[in-house]
Amino acid sequence: MIRISIRTIYLFFCIIVSWQMLAQGSSGKTWSYKYQSYQLEWELNHDQARMIQSPTGKVFWKGGLLPAFWIENKNGEHLYIKAEVTSLSEINNSQSQLKLRIPNWGNGSLLIDKNEWGICFSELKIQWEIETPRIIEMYWGTTTVPAERLSMLADEQRPFTPDWDAAGYCVPGAKEGTVQSYFRNWDFGHSNIALGSFGPSLGAPYGAAFPRPVLFFAMGDNGGWISFGVGELPDAAMSLKLQSGLGMIKYSYREDLWGASGQKERVWNNPLKITFGTNAYQAFTKYMTSFPVKKGTPSVKHQKATWNTWGNWKERKYDIKPMVDFASKLDVEVFVLDDPWQKTKGSIEHSKERFPHFENDLKYIKEQRMESGFWETLGWIEDPASCGLSKEDLILDKNGYPCLTSWNFNPLSGGFYFIDLSSEKSRDYLKRRTLAEMKFFQPKVIKLDFGYGIPGPQMGVPRNPALRGERHSYELIKLISETAKSVDPDVTILYYGINPIFHEYVDIISLDDQGDIWYAIKEGHDLWSIWASLLSNSKLAITGSSSYEWHKDDEVILNTFILGSANAVLGTEMPDGSPVPDKYLNRRLAVNKWFRRSIQWEPVWLNSHLGDLQEMAELKCWGRQEGTNLTALVLRGEKDSTYDILAPYEWTGRWAIISQDDKSITESSSVAVVPFDSGTISMKVRSKPKKVLSVGIHSQTEKKDWIWKNGELKINISDNELNDIAGFLINY
């Protein structure tokens, strides 16, 4: 019989433990970050992280944070590989380094920075050892699935699943018509939600331009929210992939189709930023502030009242001169010619068939003291040969055919080709096209469109790997913007996406046409206005756009008074061909005349609700704060006396109050008051007004029947008067 002493057993146990620790380094440690009442704890050995709210101890998010890959090896086999932590080292108080191992494939490291606004994975570096794999997809937030549960997966050939888990998601503008941004975790099913400049080409739900590219989203519940977003543009298409309520970030490369770089070392700079908040909006605000503010001094030259021809042209009513006459009555400053002014998409020639008097129409716009603007597709081109381009200058599929693109990517319908900026000839053409447009037409606005209509990486990619993924649309915007501004530094570049990375080459962000919101105009525009307000301190102008229906325009205009400049895509007549009622015209005149010209501001939400998993967002009373001054205020619904800002006001109906100088609405020497319903407004003001003007599309007269008593100004408006006036201009 062999006898083993207790001491021998103990020594053997110590050897085993020591060997395991040597093999795993310090991976048993927990990495943590604390922000206010939130704590992120990340157990590195098993890649299990969780967000905890204190003092309740409630976990409102959990999942893994190590990168993983779906790859193709040299034998054509598809494999799932995931990084493991071998050691943790603290470089200083604000930076840590994880040493990584990808079993059988290589080593690497992950740098993690702690910031006041949140966490940044500032560098991921992988050194491939024997073989450089072809990356099909890269992930944040995945784990393997036991063999006995593979049948539960949507794709049992992929033995892994997302593992980010929370009660719900917030993806700004994830769903259009009607707009929805908040979802319970079971609402998505198995879905792919595009976050960047791709949409239907990835099989994602259709998403109109605004607010994409967002490149961020959030998860959480009433215990707190955690937001994930990029720090630099990835060279892949970014989406939120969901399976059975669980989520992950997916970067689609498809190097199985296009080949790998062959380099033994792969580096991703700032691949992930993580922020926190009591709600999704607060978490997103932290993410936005993690980027440097746009360079330069904000200029009001990009804040102009704009009329867009799409309201008529979508109905194939192409006569320009009557539209110019219509717009000139509403104090419009810029008249934008939208799609399809061109002979073919992507060309510089106008359509002589649709616009036989084009040159005279442009002169007429100037004669009516309006500037012109032009719609421009970002990368679509309909007739490459007529532009001197061949298939070598276009995005090609794996069989060498030029990819056809569209807004919905229906393979049985038509489409357009897409320019590949890898080609010098393509770059030269875009420059020549933009220069010719700037010099011949002298536009003051260039509206860039269809950035979301880009071929997905499963269809085709730029030949130059540095331009792939989310970088391609950025390079297109950059090239067109820089070329246009080389002719006129003051030209306004209009785009849609709210991610700060794109804003260096953009001057104004549009909420796009509310036709994409569909019938729920108020609900949709409220939500879009909330996301647009994330840009309030970005040095960018914001335009509130319009719906296609005049009778739904009021709520859009109310929000626009807070957001900034006015922009309309409305028709110049009613659907039955009758004239647009004066009541509607007057509201548009009001916003065109009196909107705020300043750029930087902050929202004051008052009794508005920003949305969550329990309740739809709704803007009620809310305001615009510039520095310490409240310069615009919207009054909706019943008064909530808990807010001091509302104390000076009593009202029935809906009203907007807008300062006409740099002072607050209570101190301004000139204030516009715009009614949207018949009713009454009473305001405690600093002194008795010198004059109150009634301003309308037909006349401007002095209003006499206002009441001044005990430091309070009272104005009544009847149904008849509401039809005749845009609003009141009060001078002190």
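The values are calculated or read from the model by the stated rules, or taken from the named source; none is laboratory data. Computed from a predicted model, the values in this text were never measured in an experiment. Cβ coordinates were reconstructed from backbone atoms using ideal geometry, including for glycine residues, and neighbour counts include every protein chain displayed.
May I ask you to verify whether Leu613 is assigned to a strand (DSSP E or B) and surrounded by fewer than 22 Cβ atoms within 10 Å (Cβ to Cβ)? No. When Ser261 is tested against (1) in contact with a Leu (Cβ under 8 Å, 6 or more places away or on another chain); (2) surrounded by fewer than 23 Cβ atoms within 10 Å (Cβ to Cβ), exactly one condition is not met: (1). Residues of region 702-722 that are outside any loop (DSSP other than H, G, I, E, B), surrounded by fewer than 13 Cβ atoms within 10 Å (Cβ to Cβ) and without any contact (Cβ under 8 Å) to a residue 40 or more places away in the chain: Glu702, Ile707, Lys709, Asn720. The test for being more than 29 Å from the chain's Cα centre (by Cα) and at positive phi holds for Gly400.
Could you give me the residue pairs with C-beta distances under 7 Å whose first residue belongs to region 222-248 and is more than 18 Å from Pro162 (Cα to Cα), whose second residue is buried (at least 24 other Cβ atoms within 10 Å of the Cβ) and acidic (Asp, Glu) wherever it lies, and which are 6+ apart or on separate chains? Going by the 7 Å Cβ cut-off, the qualifying pairs are Leu233/Glu470; Pro234/Glu470. If you go through region 183-215 and keep only what is over 17 Å from Lys250 (Cβ atoms) and within 15 Å of the chain's Cα centre (by Cα), you end up with Tyr206, Ala208, Ala209, Phe210, Pro211.
Considering only residues that are of a type in the set (Val, Ile, Thr) and more than 18 Å from the chain's Cα centre (by Cα), look in region 540-588 and name the one that is farthest from Tyr519 (Cα to Cα). By that ranking, first place goes to Ile562. Gln282 meets all of the listed conditions (1) in a loop (DSSP other than H, G, I, E, B); (2) surrounded by 16 or more Cβ atoms within 10 Å (Cβ to Cβ) but one, namely (1). Among the residues of region 405-460, those that are in contact (Cβ under 8 Å) with a residue 24 or more places away in the chain, in a loop (DSSP other than H, G, I, E, B) and among the aliphatic types (A, V, I, L, M) comprise Leu421, Ile454, Met459. Number of residues in region 350-378 that are out of contact with any strand residue (DSSP E or B) (no Cβ under 7 Å at 6 or more places or on another chain) and in contact (Cβ under 8 Å) with a residue 40 or more places away in the chain: the value is 4.
One line per residue, one yes/no per condition, for (1) under 18 Å from Ala647 (Cα atoms); (2) of a type in the set (A, V, I, L, M, F, W, C); (3) in contact with a strand residue (DSSP E or B) (Cβ under 7 Å, 6 or more places away or on another chain):
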{"position": "Ile665", "(1), (2), (3)": "yes, yes, yes"}
{"position": "Ala672", "(1), (2), (3)": "no, yes, yes"}
{"position": "Ser678", "(1), (2), (3)": "no, no, yes"}
{"position": "Val685", "(1), (2), (3)": "yes, yes, yes"}
{"position": "Leu693", "(1), (2), (3)": "no, yes, yes"}
{"position": "His698", "(1), (2), (3)": "no, no, no"}
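For (1) outside any helix (DSSP H, G or I); (2) surrounded by fewer than 24 Cβ atoms within 10 Å (Cβ to Cβ); (3) not polar (S, T, N, Q), each residue gets a yes or a no:
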{"site": "Pro489", "(1), (2), (3)": "yes, yes, yes"}
{"site": "Ile501", "(1), (2), (3)": "no, yes, yes"}
{"site": "Ile509", "(1), (2), (3)": "yes, no, yes"}
{"site": "His525", "(1), (2), (3)": "no, no, yes"}
{"site": "Lys539", "(1), (2), (3)": "yes, yes, yes"}
{"site": "Lys552", "(1), (2), (3)": "no, yes, yes"}
{"site": "Glu573", "(1), (2), (3)": "yes, yes, yes"}
{"site": "Asp576", "(1), (2), (3)": "yes, yes, yes"}
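The strands (runs of 3 or more DSSP E) found wholly in region 627-690 and carrying at least 3 residues that are among the hydrophobic types (A, V, I, L, M, F, W, C) occupy 629-635, 655-659, 670-675. I'd like the full set of residues that are within 20 Å of Phe228 (Cα to Cα) and without any contact (Cβ under 8 Å) to a residue 40 or more places away in the chain, limited to region 110-144. Within region 110-144, Leu111, Asp113, Glu116 qualify.
The set of residues from region 327-386 being under 26 Å from Tyr496 (Cα atoms) and among the aromatic types (Phe, Trp, Tyr) comprises Phe335, Trp341, Phe374, Trp375, Trp380. For region 28-70, which positions are modelled with pLDDT under 95, within 29 Å of the chain's Cα centre (by Cα) and not in a strand (DSSP E or B)? Scanning region 28-70 gives Gln36, Ser37.
Is there a residue in region 70-77 that is aromatic (Phe, Trp, Tyr) and under 16 Å from Trp31 (Cβ atoms)? No. The set of residues in region 237-279 that are hydrophobic (A, V, I, L, M, F, W, C) and assigned to a helix (DSSP H, G or I) comprises Leu257, Trp258. Test Asp165 against the stated conditions and say whether it is without any contact (Cβ under 8 Å) to a residue 40 or more places away in the chain, surrounded by 14 or more Cβ atoms within 10 Å (Cβ to Cβ) and within 30 Å of Thr278 (Cα to Cα). Spelling it out, it is not the case that Asp165 is without any contact (Cβ under 8 Å) to a residue 40 or more places away in the chain, surrounded by 14 or more Cβ atoms within 10 Å (Cβ to Cβ) and within 30 Å of Thr278 (Cα to Cα). For region 523-530, does any single residue satisfy the condition of being touching a helix residue (DSSP H, G or I) at 6+ places or on another chain (Cβ under 9 Å), within 30 Å of Asp428 (Cα to Cα) and among the small types (Gly, Ala, Ser)? The answer is no, given that none of the residues of region 523-530 is touching a helix residue (DSSP H, G or I) at 6+ places or on another chain (Cβ under 9 Å), within 30 Å of Asp428 (Cα to Cα) and among the small types (Gly, Ala, Ser). Filter region 150-182 down to residues that are farther than 16 Å from Asn408 by Cα and among the acidic types (Asp, Glu) and give me whichever is farthest from the chain's Cα centre (by Cα). Here the residue is Glu156. Looking at Ile521, is it of a type in the set (Val, Ile, Thr), under 19 Å from the mean Cα position of the chain (by Cα) and modelled with pLDDT of 95 or more? No; evaluated as a whole, the condition is false for this residue. Look at region 589-608: where a residue is touching a residue at least 12 places away in the same chain (Cβ under 8 Å) and in a helix (DSSP H, G or I) and a partner is hydroxyl-bearing (Ser, Thr, Tyr) and crowded, with 22+ Cβ neighbours inside 10 Å, sitting 6+ places away or on another chain with Cβ atoms under 8 Å, you get Val591/Thr560.
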